[in-house]
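> Below you'll find the structure I mean.
Here, each number is a calculation from the coordinates, and none is a lab measurement. Keep in mind that what you see is a predicted model, and the values were worked out from it rather than measured. Glycine gets a Cβ as well: all are built from the backbone with ideal geometry, and neighbour counts include every protein chain shown.
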Amino acid sequence: MAFSGWFVALVALGVVPIALVGEEWMLLVWLGVIALIVALDLVLAASPRRLHFERDLPARVRLSETVETTLYVTNDGRRRLKGRLRDAWQPSAGARPSRQPLDIPAAERRAITTWLTPVRRGERRAEHVTVRSFGPLRIAARQATIRLAGSVTVLPPFHSRKHLPSRLARLRELDGRTSVMIRGQGTEFDSLREYVRGDDVRSIDWRATARRLDPAGGQKLVVRTWRPERDRRVVIVIDSGRTSAARIAGEPRIDTAFESALLLGALASRAGDHVSMIIYDRRVRGRIQGAVGAELLSRMVNTMAPVEPELIELDWAAVPGLVRSVTTQRALVVLATSIDAPGASRGLLSVLPQLTRSHEVLVASVTDPDVLEASRSRRDLDEVYRAAAAERALLDVARVSAAVRQLGGDVVTGAPEDLPPAVADRYIALKAAGRL
């Protein structure tokens, strides 16, 4: 049972007859009148338990996108139901409006639309529906909560896909499909074509030039074109331990790692390489292997969606074995983790020699832009101390980065918006240099 504002007004109205009569028994009489009115209103109200509910939900939605959900309500009772309905979605589902008016004649059905704008990845759930059915006097309402489970899977947003066209264009340049030809160690011969101004003279094929005669009587130079090797291996290991739970610029570290992995996966797959992904802390939280093209991205986002960071340390000793379980060939191993403090990075540094001995290793770590901003501001004493702490944090990152490079790896750092394209650029650079 629930009461409306009219009930409060009715109780307050009792002050008038009590003041006029001036007797104590008038209070009891007025409370009795109110009780009768409330009982009559409840008896005449339609039963909310005679309602039948059905949900129409989308299977998936990307984070921060808005999607429409529909709740069908059928009145199986004999009376018209007037009241309010609340569809109890999790707060992180971003449901609006949270409460809606309800007016359903007997034996009819109505569709209630709720808009969801999720603010977190994963499965956003609705467990039940609460209905208040008011009587004709609008004084009191019959209330019931009916269990009606529903869920929507919220996928990573993949905002970094805006960087994909420009990186694909650079890949096409490397692949010999434009006039820009780059020859690097480990690249493969692709085709022969006529020399044009700007081509590397070292690419001239003198034998092919000698065999080719121009009908006009002259002779044109022939150059070889090259393309990066294909069918390479790219293994992405994402740290889902406690450090990945930290929020940088309003976004968890693990979400930035997911964005980097999606952009790199899309790029490497277009380049003809084989991409595998492992999400790990002390157990494998997600694993993708053997997928290509559109299937790769679909499986990646579906695997990433339910993963939340665990407040435990990542078991670095098991990482080399995980990589070996994916491939025994030389590969680009991308470790998406944190390198903020030397003490916390000991596990990473201890296994790097095992990885760099057989693979090209790239460590990707997100940095806090607020720390960089704090290091530049020194207007008063508080800001000076804050700048000193920020400088110390930046020096720690630099020390760990230097240690990674000494052990044969490479490091890419950047703010949440900058890290995904930076990782993609380093991948392209490795392809151009013939190191992958």
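> Based on the inverse mean of 1/r over its pairs of different Cα atoms, what is the Kirkwood hydrodynamic radius of the chain, in Å?
When all Cα pairs of the chain are included, the Kirkwood radius is 27.1 Å.
> Taking H as built 1.01 Å from N, whose amide H comes closer than 5 Å to the amide H of LEU436, not counting residues under 5 places away?
Placed amide hydrogens put nothing under 5 Å from LEU436.
> Roughly how far apart, in whole Å, are the Cα centres of region 30-98 and region 344-363?
Result: 56 Å between the Cα centres.
> Something else about it: For LYS431, go through the aspartates and glutamates and keep the ones whose alpha-carbon is under 20 Å away, minus same-chain ones fewer than eight residues off.
The reachable aspartates and glutamates, counting only those whose Cα sits under 20 Å from LYS431, are GLU173, ASP175, GLU188, ASP190, ASP199, ASP200, GLU229, ASP231, ASP273, GLU360, ASP410.
> Provide the percentage of antiparallel DSSP beta bridges, counting only those with both residues in the chain; round to the nearest 5.
Approximately 70 percent, going by the DSSP bridge assignments.
> On a 0 to 90 degree scale, rounded to 10, what angle separates helix 293-304 from the longest Cα axis of the chain?
For helix 293-304, the angle is close to 50 degrees.
> Can I ask one more? What ranking do 144-151, 242-249, 262-269 get when scored by the average of other Cβ atoms within 10 Å per residue, highest first?
Values: 144-151: 13.8, 242-249: 16.9, 262-269: 24.0.
Taking the mean over residues of other Cβ atoms within 10 Å, the ranking is 262-269, 242-249, 144-151.
> At 7 Å along the Cα-to-beta-carbon direction for both ALA422 and ARG125, put a label point, then send me their distance in nm to one decimal.
3.8
> Starting from the amide H of ILE248, placed 1.01 Å from N in the peptide plane, find each other amide H under 5 Å away whose residue is 5 or more places distant or on another chain.
Those lying under 5 Å, H to H, from ILE248 are ARG253.
> Modelling each spin label as a point 7 Å along the Cα-to-Cβ direction, I'd like the ARG138/GLU54 distance in nm, to one decimal.
3.2
> For the ranges 71-82, 22-33, what's the packing order if you count other beta-carbon atoms within 10 Å of each residue, average per peptide, and put the highest first? Could the numbers behind the result be given before it?
Values: 71-82: 17.3, 22-33: 11.9.
Order by mean packing, descending: 71-82, 22-33.
> Okay, next question. Label ILE18 and VAL384 with points 7 Å out from Cα along Cα→Cβ: what is the distance between them in nm?
Label at ILE18, label at VAL384, 6.7 nm between them.
> Let me ask you something else. Given a 10 angstrom Cα cut-off, can you work out which residue in VAL334, VAL21, VAL223 is the most mobile in a GNM of the chain?
In this elastic network of the chain, the residue with the biggest mean-square fluctuation among VAL334, VAL21, VAL223 is VAL21.
> Still on this model: Using only the alpha-carbon atoms, how far is helix 253-270 inclined from the longest principal axis of the chain? Give it as 0 to 90 degrees, nearest 10.
That helix lies at roughly 50 degrees to the long axis.
> Taking the 0 to 90 degree range and rounding to the nearest ten, how far is the long axis of helix 381-406 tilted relative to the main principal axis of the chain, both from C-alpha atoms?
50
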